[in-house]
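Below: one structure, written as structure tokens.
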Amino acid sequence: MKKALSLTLILFFLFAASVNAESDDFTETLKKAEQGKCWAQTLIGYMYYLGDGVEQDFEKALFWTKKAAEQGGKDAQENLGLFYYVEGLKGMEVNKEESLQWFEKAAEQGHSGAQLDLGRMYYLGHGVPQNYQKAFEWFTKAAEQGESDAEYLLGGMYFYGTGVPQDYKKAFEWYSKAAEQGQPEAQASLGAMYFLGLGVPQNYKAAYKWGSLAAANGIKAGRMTLQEAPKQMTPEQIAQAQKEAAEWWEKHKK
């Protein structure tokens, strides 16, 4: 989870940097922050955190991020939760209880990233007693907003019957949503379901396609499907699966 949250933190900062991009000059943004503009305080926190346009200063990053969070900025609230969870700032101690509080504030405002983070905390029992039902509820909220990691995790809960009745069809549905967004673990899981015929009719071509996409992202399970599926396929089917994977990659590349 630490790795996943670290990635979420980076993604959040990239998002924050795009907000009011016309005001990316540090001095002008700082003036707005000092005037109490929540978005500017959030962005200044980002700039201090990364040293973007100003000397890196973790203490000031925390100061401005907390300012924005305290006036209800949901992006800053999630960010603050991440700081406390993964030691995002030098000298900060991990405080999962504090992290939980900020995630809750952001999640209750509809922040999909915070909903995902909160679901993970309940799923793993980090800073809160493990509660699969609450994890499921928060993952669902995040997934309904298109969070691919939440879609993947929901798929896993249905696949293994964790906190919910086992349901391969629903697992397949959520894995499919996440896989189409490029979530590599979901692509591997989807490939495996096609290969085994779980929740969906067995389809080696589709298994090969999704397995190859997952393998390209370094997912071991994808490589396994990629090795086994061709044993059940004709050369023509393999060529078609490769074509479909290449088309998907071309369509979704950034």
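The values are calculated or read from the model by the stated rules, or taken from the named source; none is laboratory data. What you see is a predicted model; the values in this text were computed from it and never measured. Cβ sites come from the backbone with ideal geometry, for glycine too, and all protein chains shown count toward neighbours.
Filter segment 221-254 down to residues that are over 14 Å from Tyr175 (Cβ atoms) and in contact (Cβ under 8 Å) with a residue 12 or more places away in the chain, then give me how many there are.
Looking only at that region, the number is 18.
Do we have Gly110 as in a helix (DSSP H, G or I) and within 18 Å of the chain's Cα centre (by Cα) here?
It is false that Gly110 is in a helix (DSSP H, G or I) and within 18 Å of the chain's Cα centre (by Cα).
Under the condition of being part of a loop (DSSP other than H, G, I, E, B) and without any contact (Cβ under 8 Å) to a residue 60 or more places away in the chain, which residue from segment 113-132 is surrounded by the fewest Cβ atoms within 10 Å (Cβ to Cβ)?
Taking the candidates together, the pick is Pro129.
Could you please find all residues in segment 25-51 being part of a loop (DSSP other than H, G, I, E, B) and either in contact with a Lys or Arg (Cβ under 6 Å, 6 or more places away or on another chain) or crowded, with 19+ Cβ neighbours inside 10 Å (or both)?
Within segment 25-51, just Lys37 meets the criteria.
So which residues in segment 210-224 are crowded, with 17+ Cβ neighbours inside 10 Å and not in a helix (DSSP H, G or I)?
Across segment 210-224, the qualifying residue is only Ile219.
Considering only residues that are surrounded by fewer than 23 Cβ atoms within 10 Å (Cβ to Cβ) and outside any helix (DSSP H, G or I), which ones fall in segment 53-77?
Gly53, Val54, Glu55, Gln56, Asp57, Gln71, Gly72 - these are the residues of segment 53-77 that are surrounded by fewer than 23 Cβ atoms within 10 Å (Cβ to Cβ) and outside any helix (DSSP H, G or I).
Considering only segment 78-91, I want to know if a residue exists there that is surrounded by fewer than 15 Cβ atoms within 10 Å (Cβ to Cβ) and part of a loop (DSSP other than H, G, I, E, B).
Scanning segment 78-91 turns up at least one residue that is surrounded by fewer than 15 Cβ atoms within 10 Å (Cβ to Cβ) and part of a loop (DSSP other than H, G, I, E, B).
Could you please find all residues in segment 70-91 being free of Cβ contacts under 8 Å to residues at least 60 places away in the same chain, closer than 20 Å to Gly119 by Cα and aliphatic (A, V, I, L, M)?
Selection gives Ala76, Leu80.
Do we have Glu151 as surrounded by fewer than 23 Cβ atoms within 10 Å (Cβ to Cβ), under 15 Å from the mean Cα position of the chain (by Cα), in a helix (DSSP H, G or I) and not aliphatic (A, V, I, L, M) here?
Judged against the criteria, Glu151 is not a match.
Do we find a residue being modelled with pLDDT of 95 or more and more than 19 Å from Gln145 (Cβ to Cβ) anywhere in segment 120-128?
The answer is yes, given that some residue of segment 120-128 is modelled with pLDDT of 95 or more and more than 19 Å from Gln145 (Cβ to Cβ).
Matching residues to (1) under 23 Å from the mean Cα position of the chain (by Cα); (2) in contact (Cβ under 8 Å) with a residue 12 or more places away in the chain; (3) more than 16 Å from Gly222 (Cα to Cα):
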{"site": "Lys170", "(1), (2), (3)": "yes, yes, yes"}
{"site": "Ser176", "(1), (2), (3)": "yes, yes, no"}
{"site": "Glu185", "(1), (2), (3)": "yes, yes, no"}
{"site": "Tyr194", "(1), (2), (3)": "no, yes, no"}
{"site": "Gly199", "(1), (2), (3)": "no, yes, yes"}
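Just one of (1) of a type outside the set (D, E, K, R); (2) closer than 15 Å to Ser176 by Cα; (3) not in a loop (DSSP other than H, G, I, E, B) trips up Gln227, so point out which.
Here Gln227 meets the rest and fails (2).
Which ones in segment 92-107 are part of a helix (DSSP H, G or I) and touching a residue at least 24 places away in the same chain (Cβ under 8 Å)?
Within segment 92-107, Lys96, Glu97, Ser99, Leu100, Trp102, Phe103, Lys105, Ala106, Ala107 qualify.
Check Ala107 against each of (1) farther than 23 Å from Lys134 by Cα; (2) of a type in the set (A, V, I, L, M, F, W, C); (3) modelled with pLDDT of 95 or more and name the one condition it does not meet.
Checking Ala107 against (1) farther than 23 Å from Lys134 by Cα; (2) of a type in the set (A, V, I, L, M, F, W, C); (3) modelled with pLDDT of 95 or more, the one that fails is (1).
In segment 160-209, which residues are aliphatic (A, V, I, L, M), closer than 17 Å to Ala143 by Cβ and not in a helix (DSSP H, G or I)?
Result: Val164, single match.
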